[in-house]
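Down below is the structure, laid out as structure tokens.
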Amino acid sequence: MRAAQCNWSELEAQLEARGFALPGQLLSARECAALRRAFRDDARFRATVDMAPRRFGAGCYRYFARPLPQAVAALRQSLYPPLARIANRWWARLGKRERFEPTLRGFLARCHRAGQQRPTPLLLRYQAGGYNRLHQDLYGRIAFPLQVTILLSRPQLDFRGGEFLLIEQQTRHQARGQALNLARGEAVVFPNALRPASARGAALRVRHGVSEVQSGERLALGIIFHDAE
């Protein structure tokens with residue numbers, strides 16, 4: 001399934017009800033395998049981060065250099081317009097004046113004018129004992145409210161454990177946590193940092209991470225729509 005085939009009304013309803021949406025399989029097994037192999041090709045990446053020294057967790061992630069792999073660039077471009085429409089409705093409910101351009105090209109042009117010019121799609125690898133602490137992916141003044149993660153490995157075959165984690169909290173309320181098990185090629189859409197609560201103008205603050213991998217190797221693709229400083 002590709003972005004054009006998704007039922008975006010249903011996915012928006014999932015985001016409202018659960019705080020995340022599951023659009024299904026967005027990458028084929030062959031595309032997942034190609035991206036896993038790409039992790040070893042230093043020429044494809046602009047930066048590599050070892051998570052442990054920075055106390056981000058235990059694992060490694062690599063930001064793609066330009067040009068992005070074709071499958072990644074195509075997904076980023078096709079997912080952005082329907083997500084921008086959702087994001088604009090969210091920002092209106094939260095009383096924010098910022099609105100997001102209808103195309104990724106227009107949005108990235110604004111990022112670049114603000115000095116955010118480095119691409120942010122990335123591959124993340126966790127081996128046994130690896131995990132990612134709860135965090136938000138904010139890389140500058142401009143941040144798109146939604147992002148996408150796609151699992152590239154096969155649960156129970158390539159790895160065990162490693163659930164995708166979401167935590168959301170409203171001021172003066174206790175936090176709610178969710179753990180998701182994705183299939184290879186399956187995507188999850190989730191808030192970058194904020195989403196509207198049911199009360200008018202109220203916001204839920206959202207963080208995401210990955211639970212400890214018990215065995216094997218887990219790779220995932222992260223699609224972030226704003227570029228970095």
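The values are calculated or read from the model by the stated rules, or taken from the named source; none is laboratory data. Given the structure is predicted, the values throughout are model-derived calculations rather than measurements. Here Cβ is always computed from backbone atoms with ideal geometry, including for glycine, and neighbour counts include all displayed protein chains. For the accessible areas, the whole protein counts, side chains as well, though only heavy atoms, and no ligand, DNA or RNA atoms are used. Shrake-Rupley method; radii C 1.70, N 1.55, O 1.52, S 1.80 Å.
For this structure, a couple of remarks:
- Filter result (open to solvent by 70 Å² or more (accessible area, probe 1.4 Å), of a type outside the set (Val, Ile, Thr) and either part of a strand (DSSP E or B) or within 24 Å of ARG205 (Cβ to Cβ) (or both)) within the range 42-97: ARG46, ASP50, ARG54, ARG55, PHE56, ARG85, ARG89, ARG93, LYS96, ARG97
- Scanning the range 170-180 for residues that are of a type in the set (S, T, N, Q) and surrounded by 12 or more Cβ atoms within 10 Å (Cβ to Cβ), we see that the one that is farthest from ARG76 (Cα to Cα) is GLN170.
- Members of the range 120-164 found to be open to solvent by less than 10 Å² (accessible area, probe 1.4 Å) and either out of contact with any strand residue (DSSP E or B) (no Cβ under 7 Å at 6 or more places or on another chain) or without any contact (Cβ under 8 Å) to a residue 24 or more places away in the chain (or both), listed by number: ILE142, PHE144
Rundown of residues vs (1) closer than 26 Å to GLN178 by Cα; (2) under 19 Å from the mean Cα position of the chain (by Cα); (3) aromatic (Phe, Trp, Tyr), yes/no style:
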{"residue": "GLN5", "(1), (2), (3)": "no, no, no"}
{"residue": "LEU11", "(1), (2), (3)": "yes, yes, no"}
{"residue": "GLN14", "(1), (2), (3)": "yes, yes, no"}
{"residue": "ARG18", "(1), (2), (3)": "yes, yes, no"}
{"residue": "GLN25", "(1), (2), (3)": "yes, yes, no"}
{"residue": "LEU35", "(1), (2), (3)": "no, yes, no"}
{"residue": "ASP41", "(1), (2), (3)": "no, no, no"}
{"residue": "THR48", "(1), (2), (3)": "no, yes, no"}
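- Qualifying residue in the range 79-87 (condition: of a type in the set (Phe, Trp, Tyr) and within 14 Å of ARG2 (Cβ to Cβ)): yes
- Residue pairs whose Cβ atoms lie under 6 Å apart, separated by 6 or more positions or on different chains, with the first residue in the range 48-65 and free of Cβ contacts under 8 Å to residues at least 24 places away in the same chain and the second outside any loop (DSSP other than H, G, I, E, B) and basic (Lys, Arg), are THR48/ARG62.
- Meets criteria (surrounded by fewer than 21 Cβ atoms within 10 Å (Cβ to Cβ) and among the β-branched types (Val, Ile, Thr)) for ILE167: yes
- For the range 180-227, the set of residues classified as over 13 Å from the mean Cα position of the chain (by Cα) and within 21 Å of ARG40 (Cβ to Cβ) consists of ARG184, GLY185, VAL213, SER215, GLY216, GLU217, ARG218, LEU219, listed by residue number.
- Taken over the range 195-215, the criterion of being farther than 26 Å from THR171 by Cβ and open to solvent by 40 Å² or more (accessible area, probe 1.4 Å) is satisfied by GLU212, GLN214, SER215.
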